[in-house]
Structure formats: structure tokens, C-alpha cells
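The block underneath contains the structure these notes are about, expressed in C-alpha cells.
The values are calculated or read from the model by the stated rules, or taken from the named source; none is laboratory data. This one's a predicted model, so the numbers in the text were calculated from it and none came from an experiment. For the accessible areas, the whole protein counts, side chains as well, though only heavy atoms, and no ligand, DNA or RNA atoms are used. Shrake-Rupley method; radii C 1.70, N 1.55, O 1.52, S 1.80 Å.
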Amino acid sequence: MRKQMVLGLLGVVLFFAGCTEKPTETTQFSKSNESTQLSSVVESSSSVESVLPVETQQITGVSGYTYSLEFPKNWRTVADFESLNPDNDFMLSDSLQTKFLAAVVESKQDFADFDSYLALVQDSLGTNFNTDATFLPLPNTQTQMVDFAATVEGLNIHYLYYVIETDNNYVQLYGWTLESLFDSSKDELTKIMDSFQETAQ
């Protein structure tokens, strides 16, 4: 089994969300000429990609909300990501399919408050990943963050996980890669995740 296929399927393990039903729209980049297909899969996940230019992209998720993210030009939306995890609003990957980013978006109207939502996410991660990692606030933001390692389908994976409150929603924004690639991938994942913004409707 190829690591890339399993890594892409790991988004399925994050089942917490799904309290609200998602529309069946397709996730798209706003740039009309931007391909939404992934580049060909590379067998070795240990390849190192050179530093690529970063650009701001607008992504419209399944929920209909639009988000602004800054990511390298070699990142693309994952084709048919909803079949991997129907709770994801969008899912991105680098061209080597070794680094991934996804978001679960839920209406604030469905939860008492941010602290209650965060506690539910914390409990879910503890149950699904057998981790006691605790969320900590990111300085000067409303975002809570945790990173943790987990073994999924025999692979050692490292997750970087944000819970964000926007004007309309609570967002679980999470990135992951193989444990052996986390140290070299963490800065890139963090920069992409830090750039996340929900745009006005």
C-alpha cells in the first residue's frame, strides 16, 4: 500500500464534526485556470520539494463559505475529498501528497459557545487518537492549537490542529504528515494555517 494513498485517507479518521448537514456543492479555487487535479503521485514520500512561491488563494468550501489561504503554488485541492471524509469543507495537499490540510466547518448556532465546542473537539481527539494533548491559545489570536502524534493504519502521523472561531462558524483546521517529515513540514503547515481567514459573505 502506498503511503500517499494512506496519508490521504487519514482525514477520514477525524470524525468529530458532522453535526450539521453539508450542501453537495463542489470545492473550487476562485482562479478559473487553476487545476484542481493533483500532480502525479510520487512513490517516495521522503523527497524534498524546493521552496516555492506562495500566493493567496480563495477557496469556496462545500458549506458555501469562502476562505482566504496563502499556500505554495504546488498545493492543490484533493480530488473527491468528500469520499474520504464527508465532514471536510475542503482538503488540500502538496503535489507529492505528503502534506495535507483540511477543514471541518460548523455553524456557531449549533453550539452553546466556543469553550463548549473546544471541549467537544478535545474529547473527540482524545477518544479517536488516544491523546491527552491539550489545546493552547495562539498568541494574539482567538485560535486554539495543539499538535500531536498518532498511529493510524500502521503509519506514524503527526497532526497540527487549530480550532478557530469566525463570525459565523467554528472551524477545525488541521494539517498532517508522516512523523519523519513533521519537523521539515511544520513551518510550511503553520504558515498556511496562520493565513486562514473566512471571507465576508
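How much accessible area per residue does segment 79-169 have, in Å², with a 1.4 Å probe? Walk me through the intermediate numbers first.
Values: 3960 Å² over 91 residues.
Per residue, segment 79-169 has 44 Å² of solvent-accessible surface.
Annotation: amide H of ALA79 within the under-5 Å range of LEU38, sequence separation 5 or more or interchain, hydrogens built in the peptide plane. To the nearest 10, the accessible area of ASP167 is 140 Å² with a 1.4 Å probe. Per-residue 3J(HN,Hα) values for segment 84-97, derived from phi via the Karplus relation 6.51 cos²θ - 1.76 cosθ + 1.60 with θ = phi - 60°, read 7, 7, x, 7, 6, 7, 7, 8, 10, 8, 6, 5, 7, 6 Hz in sequence order (x marks Gly and Pro). Got a number for carbon plus sulfur as a percent of segment 145-188's accessible area, 1.4 Å probe? So the carbon and sulfur contribution to the accessible surface is 39 percent.
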